[in-house]
1. When you scan region A:249-272, do you find a residue that is farther than 27 Å from residue B:59 by Cβ, within 32 Å of the chain's Cα centre (by Cα) and within 14 Å of chain B (Cβ to nearest Cβ), even just one?
2. Suppose we filter region B:67-83 for residues that are closer than 19 Å to residue B:133 by Cα and within 53 Å of the chain's Cα centre (by Cα); how many remain?
3. Please enumerate the residues belonging to region A:192-209 that are modelled with pLDDT under 95 and in contact with a strand residue (DSSP E or B) (Cβ under 8 Å, 6 or more places away or on another chain).
4. Consider region B:178-221. How many of its residues are in contact (Cβ under 8 Å) with a residue 60 or more places away in the chain, β-branched (Val, Ile, Thr) and touching a Gly at 6+ places or on another chain (Cβ under 8 Å)?
5. For region B:52-81, which residues satisfy the criterion of being part of a loop (DSSP other than H, G, I, E, B), away from chain A (no Cβ under 14 Å), on the phi < 0 side of the Ramachandran plot and of a type outside the set (Asp, Glu)?
6. Quick one: is residue B:52 surrounded by fewer than 19 Cβ atoms within 10 Å (Cβ to Cβ) and more than 41 Å from the chain's Cα centre (by Cα)?
7. Have a look at A:82, A:151, A:161 and point out the one that is closer than 30 Å to residue A:336 by Cα and of a type outside the set (Lys, Arg).
8. In region B:210-237, how many are under 17 Å from residue B:383 (Cβ atoms), assigned to a helix (DSSP H, G or I) and either more than 7 Å from every other protein chain (Cβ to nearest Cβ) or out of contact with any Asp or Glu (no Cβ under 7 Å at 6 or more places or on another chain) (or both)?
Number of protein chains: 2
Amino acid sequence: MGTEFLKIKEADEAKKIIKNLFDELYPQKSINIPIEDSHDQVIFKDIAALMDLPPFNRSLMDGYAVKAEDTFGATDEAPKILKCIDSIEAGSFSEKTIENGECIEISTGAPIPNGSDAIAMVEFTDRENENEEYDKIYILKSVAPNQDVALQGSDIKKDMLLLKEKTIISPDKIGVLAGQGIKEVEVFKKPKIGVISTGNELVMENESIEYGKIYDVNSYSIKNAAISNGAEAVSKGIVKDNYHELKTNIENSLKDSDIIVCSGGTSAGVGDVLRNVLEDIGEVILHGISVKPGKPTIIGKVGKKVVIGLPGNPVSALIIFYVFIIPNIRKIAGKPGESNSKVNVTLSKRIHSPKGRMHYSLVHVKENLAYPIIKDSGAITSLAHADGYIKIPKNIELLDEGEKVTVTLFK
Amino acid sequence: MGTEFLKIKEADEAKKIIKNLFDELYPQKSINIPIEDSHDQVIFKDIAALMDLPPFNRSLMDGYAVKAEDTFGATDEAPKILKCIDSIEAGSFSEKTIENGECIEISTGAPIPNGSDAIAMVEFTDRENENEEYDKIYILKSVAPNQDVALQGSDIKKDMLLLKEKTIISPDKIGVLAGQGIKEVEVFKKPKIGVISTGNELVMENESIEYGKIYDVNSYSIKNAAISNGAEAVSKGIVKDNYHELKTNIENSLKDSDIIVCSGGTSAGVGDVLRNVLEDIGEVILHGISVKPGKPTIIGKVGKKVVIGLPGNPVSALIIFYVFIIPNIRKIAGKPGESNSKVNVTLSKRIHSPKGRMHYSLVHVKENLAYPIIKDSGAITSLAHADGYIKIPKNIELLDEGEKVTVTLFK
């Protein structure tokens with residue numbers, strides 16, 4: 001491959017290289033999970049109905065299951081009289097069969113008994129018991145065959161397509177699955193991401209801080225961005241800017257991660273440490289993207305897994321992760337589109353952009369306006385104010401106030 | 001209150017009554033949670049910065065911490081020579097103070113030592129050791145005061161507003177909190193919702209099904225809709241259409257729930273069972289909304305808690321829950337807007353609507369078109385195909401093909 005291959009890449013070219021690498025290494029896989037845990041996950045392949053719905057001919061009213069022909073011509077003045085031979089509550093059933101001249105009392109939702117083909121609503125009947133063996137039911141109105149009966153399979157037929165592949169499982173879809181008695185659903189398997197922060201000066205939020213140290217940001221922002229875009233992600237801790245520590249952590253993390261995302265500390269030498277590790281235990285696929293911010297990004301491969309090196313600056317790390325990595329995570333997880341959410345808004349004031357490099361610029365969004373956040377030195381302030389970023393192509397030096405822009409939201 | 005008060009309410013009036021009831025009974029509360037668990041939750045009140053960032057004057061480059069004045073006039077030809085008296089890695093510090101003629105080797109990210117006010121980049125220096133006590137550093141270029149120094153607090157000043165109340169905690173915001181060493185964040189407290197399904201014929205998805213039974217849908221769809229809109233929700237199981245069972249379950253569920261959501265089985269009498277329970281242990285606030293679907297909805301109050309009775313039909317139950325209840329759950333949880341997601345699209349074909357009732361109609365959304373789902377008898381098929389619903393006001397009988405509609409998505 002040599003140095004030629006590792007020249008800084010244009011942003012679009014880098015995107016393509018990274019996409020091809022992910023496509024090659026991470027075929028989409030599936031896993032069966034309980035429907036209880038399936039919210040917001042994505043159906044892997046078409047799901048067929050397991051059963052008819054209703055599963056039986058079902059009464060739509062409280063009343064009497066009858067033979068429709070026995071009711072023909074019934075009126076208030078000339079009722080038809082039927083013998084009531086049983087009663088069916090919703091949830092139970094009758095083993096009896098209706099013969100002509102008979103009926104069975106039935107509740108809404110109960111299965112229609114054998115021999116019956118219609119329901120006479122209770123409102124159009126009278127009931128009488130004069131110490132006879134059976135109650136007499138006066139049918140006051142003629143009913144048609146199938147009247148107030150939901151026929152078996154009229155809602156859903158067994159084996160019909162119930163939910164299509166790639167459907168995102170929303171609350172209503174969980175209900176649809178439950179209604180079929182489905183316990184587990186086959187969804188796209190989430191990639192497992194290990195997140196490593198590199199920097200001698202970094203400590204985690206649950207440690208006390210000494211002079212010279214700062215709290216790590218990237219472990220948290222990168223991990224949560226991965227999770228909310230379809231991954232399982234865990235922090236693999238902080239390592240020093242040290243070849244052996246980084247190598248050991250990456251090797252250990254690869255045991256239970258599909259993808260490793262490192263972010264550099266602040267030292268200019270960090271990229272080199274990761275590069276050296278990658279060259280020794282795998283290979284460097286890409287080092288340097290012509291993009292602002294985030295130029296020193298590294299993409300490597302160890303065995304059949306991708307190891308990513310993001311810049312240490314929290315803004316740069318997050319933007320590079322959203323632009324170049326998240327679309328690929330989403331694809332593995334079956335999620336549609338390159339991000340969770342984009343909005344089309346108007347730029348509130350002009351932004352200058354460096355010529356010759358793709359530029360991603362943080363913005364705050366409020367009431368259909370995007371407000372550029374321009375504070376070079378203030379990484380954390382910028383993140384605190386930002387809602388997302390806009391993309392400014394490399395040949396554009398100026399986006400003017402009033403221009404339409406698409407903001408990818410940090411979600 | 002009497003019967004007058006319990007006349008069927010117009011949809012808009014019902015919405016107002018329910019909103020007022022929730023506002024009265026459920027003031028927004030807060031809870032402190034670990035930042036690790038805070039994704040997508042909502043900040044309860046303004047959060048101030050706990051510390052300056054950077055927390056110390058920090059080197060932006062690898063090089064030498066110097067007194068700028070010692071470098072004035074330095075060039076390749078006429079370098080200034082300084083004694084190197086110490087070395088500082090990122091994450092550590094030096095207790096030494098620089099005097100004129102001295103410098104300290106420093107890594108990017110390390111704290112600037114006392115006496116120093118600028119960094120000479122390593123690229124513009126040479127180093128020499130001729131067995132003397134100290135290395136000699138040749139400064140080849142003049143540096144200005146504060147050059148390549150990130151001053152303490154230049155990114156964030158202690159006590160400044162870090163994150164505003166009502167901010168939704170996205171991945172970047174978790175990073176911002178972590179960068180301040182913040183372990184716990186005060187967020188809006190989620191309401192606890194107990195979900196009860198009523199119906200003699202209902203079984204849960206993990207039971208075997210007998211003739212005459214059907215699997216429950218509403219426990220799953222309602223519970224998950226509540227969760228994805230900011231609530232904690234648990235299923236309280238299935239109860240029979242029976243006064244005592246329902247009363248006992250509601251009373252038990254109220255012990256650990258803020259809100260109870262029942263949905264009826266299919267029996268026409270179900271509404272009456274819940275109504276009787278509510279009248280005995282609390283009061284009925286509203287019974288019947290002039291809306292399609294979902295007319296038999298009940299809103300009651302037991303002690304200081306709301307008990308809701310949704311229709312049994314899964315489509316009706318879910319629509320009523322989204323339209324009338326979810327906006328109030330979101331308010332308690334601090335979530336903006338009445339739903340997670342709406343889209344403005346074009347109607348693919350005309351829809352007829354009953355005059356005199358507010359109508360909510362299921363639609364499938366694809367490529368900026370809303371396709372009406374019109375299948376009265378097929379509740380589950382409808383849910384399987386639907387992405388959300390549109391609202392058709394009571395005085396409108398026809399929405400024509402090509403009209404713009406707003407779809408509230410089931411999310």
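1. No; the residues of region A:249-272 include none that is farther than 27 Å from residue B:59 by Cβ, within 32 Å of the chain's Cα centre (by Cα) and within 14 Å of chain B (Cβ to nearest Cβ).
2. Final tally of qualifying residues: 0.
3. As a first pass, look at region A:192-209 and keep what is modelled with pLDDT under 95: A:198-209.
Matches in region A:192-209: A:198, A:199, A:201, A:202, A:203, A:204, A:205, A:209.
4. Going residue by residue through region B:178-221, those that are in contact (Cβ under 8 Å) with a residue 60 or more places away in the chain are B:178-202, B:217-218, B:221.
Imposing the further condition that a residue be β-branched (Val, Ile, Thr) reduces the set to B:182, B:185, B:187, B:193, B:195-196, B:198, B:217.
Checking which are touching a Gly at 6+ places or on another chain (Cβ under 8 Å) leaves us with B:187, B:196, B:198, B:217.
The number of residues fulfilling the criteria is 4.
5. First pass over region B:52-81, keeping only residues part of a loop (DSSP other than H, G, I, E, B): B:52, B:54-57, B:60-62, B:67, B:72-79.
Next, from what is left, pick out any that are away from chain A (no Cβ under 14 Å): B:67, B:72-79.
Checking the rest, the ones that are also on the phi < 0 side of the Ramachandran plot come to B:67, B:72, B:74-79.
Answer for region B:52-81, where residues must be part of a loop (DSSP other than H, G, I, E, B), away from chain A (no Cβ under 14 Å), on the phi < 0 side of the Ramachandran plot and of a type outside the set (Asp, Glu): B:67, B:72, B:74, B:75, B:78, B:79.
6. Details: surrounded by fewer than 19 Cβ atoms within 10 Å (Cβ to Cβ): yes; more than 41 Å from the chain's Cα centre (by Cα): no.
Judged against the criteria, residue B:52 is not a match.
7. Values: A:82 fails: closer than 30 Å to residue A:336 by Cα; A:151 fails: closer than 30 Å to residue A:336 by Cα.
Matching residue, one of A:82, A:151, A:161: A:161.
8. Final tally of qualifying residues: 9.
The values are calculated or read from the model by the stated rules, or taken from the named source; none is laboratory data. Every value quoted in this text rests on a predicted model; they were computed, and no experiment measured them. Note that we place each Cβ from the backbone using ideal geometry, even for glycine, and neighbour counts take in every protein chain shown.
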